[in-house]
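The values are calculated or read from the model by the stated rules, or taken from the named source; none is laboratory data. Since this is a predicted model, take the numbers as computed values, not measurements. Cβ sites come from the backbone with ideal geometry, for glycine too, and all protein chains shown count toward neighbours.
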Amino acid sequence: MQKDVSYKQGNLDNSVATIERALRIEPRNALLLYKLASLRLQQGQPDLAENLAKKSELLAEGNANLKKQNWLLIAAAREQMGDHAGAKEARKKASRF
């Protein structure tokens, strides 16, 4: 079982590295920021995930679906941090899209 966890973590680390390289080329790419935020949440870094998702949401002009996904990710990050009221607020914002 421990082997499975480290294997999955290795895949996440590789994915993070790939997306970070892509973001150096396209730093304002909202979809890449969202994907990185999602990976950071999976890695147990909810504060970083929330910040990345907020940046993605700001850059996702005209993409209501991506804006909604970002707010849902922010809600999940806040839940992970124990901020249930903040998570509820983020879900409410997501429901507007």
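Just to be sure I understand the filter: pairs with C-beta atoms under 6 Å, separated by 6 or more residues or on different chains, first member in region 75-97 and free of Cβ contacts under 8 Å to residues at least 60 places away in the same chain and under 24 Å from residue 62 (Cβ atoms), second member surrounded by 16 or more Cβ atoms within 10 Å (Cβ to Cβ) and of a type in the set (Phe, Trp, Tyr). Which pairs pass?
Every condition considered, the pairs that remain are 90/71; 93/71; 94/71.
Go through region 66-97 and give me each residue that's part of a loop (DSSP other than H, G, I, E, B) and of a type in the set (Gly, Ala, Ser). Don't jump to the end; show me each part of the working.
Restricting attention to region 66-97, the residues satisfying the condition of being part of a loop (DSSP other than H, G, I, E, B) are 81-83, 95-97.
Listed by number, the residues that qualify are 82, 95.
For region 43-65, give me each residue that is in a helix (DSSP H, G or I) and in contact with a helix residue (DSSP H, G or I) (Cβ under 6 Å, 6 or more places away or on another chain).
The first filter runs over region 43-65 and keeps only residues in a helix (DSSP H, G or I), leaving 46-59, 64-65.
The answer is 46, 48, 49, 50, 52, 53, 55, 56, 57, 59.
Among the candidates 22, 30, 53, 49, single out the residue that is at pLDDT 95 or above, small (Gly, Ala, Ser) and over 20 Å from residue 71 (Cα atoms).
Values: 30 fails: over 20 Å from residue 71 (Cα atoms); 53 fails: over 20 Å from residue 71 (Cα atoms); 49 fails: over 20 Å from residue 71 (Cα atoms).
The conditions single out 22.
Please state which of the following conditions residue 44 fails to meet, knowing it meets all the rest: (1) buried (at least 18 other Cβ atoms within 10 Å of the Cβ); (2) on the phi > 0 side of the Ramachandran plot.
The failed condition is (1).
When you look at residue 57, is it out of contact with any Ser or Thr (no Cβ under 9 Å at 6 or more places or on another chain) and within 26 Å of residue 21 (Cβ to Cβ), yes or no?
Taking the combined requirement at face value, the residue satisfies it.
Can you name the condition, by its number, that residue 82 falls short on among (1) more than 14 Å from the chain's Cα centre (by Cα); (2) at pLDDT below 95?
(2)
How many residues does region 84-97 hold that are under 14 Å from residue 54 (Cβ atoms), buried (at least 16 other Cβ atoms within 10 Å of the Cβ) and of a type outside the set (Gly, Ala, Ser)?
Total meeting the criteria: 1.
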